[in-house]
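Taking it in order: structure first as structure tokens, then the write-up.
A short reminder: the numbers here are calculations on the coordinates, not readings from a lab. Since the structure is predicted, the reported quantities are computational estimates derived from the model, not experimental observations. As a convention, Cβ positions derive from the backbone with ideal geometry for all residues, glycine included, and neighbour counts pool all protein chains shown.
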Amino acid sequence: MSQNSGGNPYGHFDDENREYVVTRPDTPLPWLNYLGQDEFFGLCTNTAGGYTFWKDAKLRRLTRYRYNNVPYDLGGRYLYVNDGGSVWNPGWKPVKAKTDGYECRHGLGYSVISSVKDGLSVSQTMFVPPGENLELWKVTVKNSSSKPKEVKIYSYQEFCFYEALNDMTNYQRTWSIGEVEVEGGAIYHKTEYRERRNHYTLFGCTGPVTGFDTSRDAFVGIHEGLHEAKVPFAGKASNSKAFGWNPIGSHEVTLHLKPGEELTYAYVLAYVDHDLVGFQGEKFTAPFVINKAVGIDVMKKYSSVAAVDAAFERLRSYWNTNLGNFQVSSPDPHANRMANTWNQYQCMATFNMSRSASMYETGIGRGMGFRDSNQDLLGFVHMIPGRARERILDIAATQLSDGTCYHQYQPLTKKGNADVGGDFYDDHLWLVLSVCSYIKESGDTGILEAPCGYADKAYGAGLEKETLLHHLETSIAYTMAKRGPHGLPLIGHADWNDCLNLNCHSTEPNESFQTAGDVKDSKAESVMIAGLFLYAARELSDLYTFLGSKNDSQRIDTQRRTMLDILETVAWDGEWYTRAYDAEGKVIGSKSNDEGKIFIESQGWAVLGGAGADNGRARKAMESVHKHLYTKNGVVLQQPPYSTYNKAYGEVTSYPPGVKENAGIFSHNNTWIHLGWCLLGEGDRALEYYHSICPSTKESQIDTYRSEPYVYAQMTAGKDAPCFGEAKNSWLTGTAAWTFVVVSQGIFGIQPDFGGLRIDPCIPKAWPGFEVTRKFRGATYHIEVKNPNGVSKGVKTLSVDGKPIRGNVLPVMGKGEHRVEVILG
Ligand code: GLC
Ligand code: GLC
């Protein structure tokens, strides 16, 4: 049954249509979807809240959004319906009138919000067509009453002055710059077009427009809220022309509907950039009159409903193609729907957004993160390898020639953020993982020769650019060179755990935990980076082997061996691996500590890096995780939580016990443990742990969980918090990519490798088997896995198109369909 509510009173999955259906608007938190897939994006909640931007939520925000508003989510793609004086919104907000029916269908790249009241139904489908810099809303209005109706519909979008921070802080300027033009159903927001911009925002309507408003003060009022906006309640547009203050776009559409009559029309919100489209015409057609030629073409293109429908079909097939690269059918409905649809979909969002714009990230803080985006690629490479390639080269170009990296960069400029700087000593190693994962997927070893330079070297015409392979070598060399007194890698500002700030002894609340303080002479070391290094070095060594460079492979192996010996010598605590050494050389994450005795990250990375494999420590470390850190809602980051602020450890001790890095369940790092269980062949544990953080399993406890049940959240409150099980910061988290790795490569065992597709599942013993369709380097493999002996791991026989093959790696077969049979045992 596809419409299984799972005990959730707010909605249910519609697996066949790949939609999440919200059936009550008053969800425990706003439940978000993303519109857009390439460069034009929108955030859209289940009450139509959100905003739109082109490429960069900080520098090119097209519509306005006030974060942390009251209520939480206010402002968005609003339609006000005035049906004979009764005013309501199909998305419930902002008027919140009681309707006779409400539904929001969050689909892949689109949301459909529909409501019905007094025999009138209004449905609004919002999406961004692939490859275009515009958003479409298809609106269908139906009179299902027995009387004719005159209905007025008022759209509402508040324009943003592009640079979002300035827009929300610098009113002495911004309230004097707003400019608009109106022509028929088209509203042109042209603020700053006269000076340094060659772009404007077009908000057009193809319906029967009988009026408009472009001044917020006229439309809403000064002392009124959006829920009591003047114009829709008056039922009369004021045709206001904004001059300064706050320009908005609102069309009045008047519909005369006979009983049973239905009418469909559309809105288009477009980013028109003359430079981008190579427009050669005059900038102005008369003084103060902008050249609207491109905008007029956009309006023409979408003037027919058929064109809008065709664009929607393009979006549908875009997603069918993307998801078609991996589809599974297994005995577990959660794993199926997440792996087949939602998890992959979330991977697109994290690939595009990194940590920039969500309900919890304001789009003006963090742009793309070096470590984050490299990890995001792990769940994305199989979908559109070409885009992954481009991203890898962009990221690599923000590395500095000594091996460190800009920790963050802005997507529009692709320039590193100088305020945050670098010196997070795990950053560069993630590049090795993303590059190897890309090559394993695509076979494109040519990327290693791609010139991408370093951020601190001037490059341009005639100047040498270093290759990507050079960057990988620089990364490995950096970690080997920058080591502390125990021989472990130095930690710098922080490793993956941004809050373990061992070099910033801050007592000043006005400074950043991560960047204040002097890291130069500090000796603080990280066990986690050592584990990550083991993993990265093995990847690079395997890559060299594949390339036939035996010497290079051996050279890297020697370095790996050195690190492994050090880790086993100085980082084993008896029952688990320790976490770090602080600036004074004292251990962290040991039974000898009062708090923070055991951490998750070093267990995960030591095990994944291959430590403890021959001496039993890997299993012991994992069992310690189970004993001390595992809960039914996931694995907490460490135990016991820190109860007081300790400046020698930094931000990790700043959080109340049980949240964020202070013993919260940080889903991202849980996945490394899941992979650890897979490595040890513990399929039942792997699935149990996977379920513990899988949002689809949380429907039965949704009032506690609160976040969207269709995407992973960064964090769930741990057992030490009063709100154990409450999720926060959904959508933009490295969990998306890593859980896709867990489920597709760990549990189902479909592992792209340099020379082919390795099959190595790790499943619960009770599973009779499962099936996967995987597209890989041009071929389509229909893989049937059978488990007649009830094992978790181990491929006994494997055949392709009826022919047995040795080992468990499917050769690269080029185009065509292939049947693969796998027997475990
Ligand atoms: C956040 C950051 C990520 C970091 C993690 C743990 O998710 O985006 O870079 O690794 O927190 O602190
Ligand atoms: C805080 C958060 C951490 C995040 C970091 C980003 O430290 O706790 O999760 O990665 O901010 O700067």
Study note, to complete from the structure: Among region 341-374, those whose backbone N falls under 13 Å of a label point 7 Å along Cα→Cβ from residue 165 are 362-367
Check your understanding: Measuring from label point to label point, each 7 Å out along Cα→Cβ, what is the residue 801 to residue 643 span in nm?
Key -> 6.8
**Study point:** Inter-label distance, nm, simple model (7 Å from Cα along the C-beta direction), residue 684/residue 100
**Key:** 5.4
Practice item. Holding the Cα-Cα limit at 19 Å, pick out from 55/415; 93/147; 93/117 the pairs that are longer than that. Key: 93/147
Review point. DSSP beta bridges in the chain, what fraction antiparallel, as a percent rounded to 5?
Key: 95
Practice item. Any aspartates and glutamates with Cα under 12 Å of the residue 465 Cα? List them, leaving off those in the same chain fewer than 8 positions away. Key: 449, 456
Practice item. Quickly rank 480-486, 815-821 as a protection proxy: mean count of other C-beta atoms within 10 Å, highest first. Key: 480-486, 815-821
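Among the listed pairs 96/241; 586/660; 138/292; 96/632; 190/414; 660/786, give every one whose C-alpha distance is greater than 31 Å.
Violating the 31 Å Cα-Cα cut-off are 96/632; 660/786.
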Review point. Can you give the net charge of the other residues whose Cβ lies under 13 Å from the Cβ of residue 586, counting K and R as +1 and D and E as -1?
Key: -2
Point to revise | R0 of 22 Å, Cβ-Cβ distance residue 700-residue 26: FRET efficiency to nearest 0.05 | key: 0.70
Exercise for review: Treating the angle as unsigned and between 0 and 90°, give the value, to the nearest 10°, between the Cα long axis of helix 343-353 and the longest Cα principal axis of the chain.
Suggested key: 80
Check your understanding: Each label point is 7 Å from the Cα along the Cα-to-Cβ direction; what then is the distance between the points at residue 412 and residue 38, in nm?
Key -> 2.0
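Return a whole-number percent for the relative contact order of region 100-221, with Cα pairs under 8 Å and 6 or more residues apart as the contact set. Each step should come with its number before you reach the end.
Working: 148 pairs, mean separation 14.0, N = 122.
Worked out over region 100-221, it gives 12 percent.
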**Study point:** Cα Rg, Dmax, region 710-772, angstrom units
**Key:** 15.9, 50
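Assuming a ≥ b ≥ c are the square roots of the Cα gyration tensor eigenvalues, decide whether region 158-311 counts as rounded (a/c under 1.5), prolate (otherwise, with a/b larger than b/c) or oblate.
Oblate is the answer for region 158-311, as a/c is 1.5 or above yet b/c matches or exceeds a/b.
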**Study point:** Proximal charge balance of residue 542 [Cβ under 14 Å; K/R count +1, D/E count -1]
**Key:** +2
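With a 10 Å radius around each residue's Cβ, average the other Cβ atoms per peptide and rank 507-513, 172-178, 725-731, highest first.
Values: 507-513: 10.7, 172-178: 13.4, 725-731: 23.3.
Highest-to-lowest ranking by the protection proxy: 725-731, 172-178, 507-513.
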Review point. Residue-wise, which Karplus ³J(HN,Hα) couplings in Hz belong to region 713-729, taking 6.51 cos²θ - 1.76 cosθ + 1.60, θ = phi - 60°, and x for glycine or proline?
Key: 9, 4, 9, 10, 4, x, 5, 8, 9, x, 10, 2, x, 8, 8, 9, 6
Check your understanding: Within straight cross-link reach of residue 550, meaning Cα distance under 24 Å, which lysines are found once same-chain residues fewer than 8 apart are removed?
Key -> 440
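At 37 °C and 0.692 mPa s, grab the translational diffusion coefficient of region 646-741 from Stokes-Einstein with a Kirkwood Rh over Cα pairs, rounded to a whole number in µm² per second.
Working: Rh = 13.8 Å.
It comes out at roughly 237 µm²/s.
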Point to revise | Distance between region 143-171 and region 85-114 - C-alpha centres, whole angstrom | key: 14
Exercise for review: Please compute the net charge surrounding residue 8, taking Lys and Arg as +1 and Asp and Glu as -1 over other residues with Cβ under 12 Å from its Cβ.
Suggested key: 0
Study note, to complete from the structure: Between residue 210 and residues 5 or more places away or on another chain, the pairs with built amide H atoms under 5 Å apart involve 252, 253, 254
Check your understanding: So what is log10(I(q)/I(0)) for the chain at q = 0.06, 0.08, 0.09, 0.10 1/Å, when the Debye sum runs over its Cα atoms only?
Key -> -0.40, -0.72, -0.90, -1.10
Practice item. Could you give the size of the charge dipole of region 98-223 about its Cα centre, using +1 on the Cβ of each K and R and -1 on the Cβ of each D and E, expressed in debye and rounded to the nearest 20? Key: 380
Review point. Once you sort the root eigenvalues of the Cα gyration tensor of region 460-584 as a ≥ b ≥ c, which label holds: rounded (a/c under 1.5), prolate (a/b larger than b/c) or oblate (the other case)?
Key: oblate
Check your understanding: Can you pull out the cysteines in the chain that have no other Cys Cβ under 4.7 Å?
Key -> 44, 104, 160, 205, 347, 405, 436, 452, 499, 504, 694, 723
Check your understanding: Along region 533-547, what does the Karplus equation 6.51 cos²θ - 1.76 cosθ + 1.60 (θ = phi - 60°) give for ³J(HN,Hα), rounded to whole Hz, x for Gly and Pro?
Key -> 4, 4, 5, 5, 5, 5, 4, 5, 4, 4, 5, 4, 4, 4, 7
Point to revise | Cβ-derived FRET efficiency at R0 45 Å, residue 321 paired with residue 223, nearest 0.05 | key: 0.30
Study note, to complete from the structure: Applied in sequence order to region 494-506, the curve 6.51 cos²θ - 1.76 cosθ + 1.60 (Karplus, θ = phi - 60°) yields integer Hz couplings, x standing for Gly and Pro, of 4, 9, 3, 7, 4, 9, 8, 9, 8, 10, 10, 8, 8
Exercise for review: Assuming a ≥ b ≥ c are the square roots of the Cα gyration tensor eigenvalues, decide whether region 1-133 counts as rounded (a/c under 1.5), prolate (otherwise, with a/b larger than b/c) or oblate.
Suggested key: oblate
Review point. What FRET efficiency, computed as 1/(1 + (r/R0)^6) with R0 = 45 Å and r the Cβ-Cβ distance, is obtained for residue 510 and residue 562, rounded to the nearest 0.05?
Key: 0.60
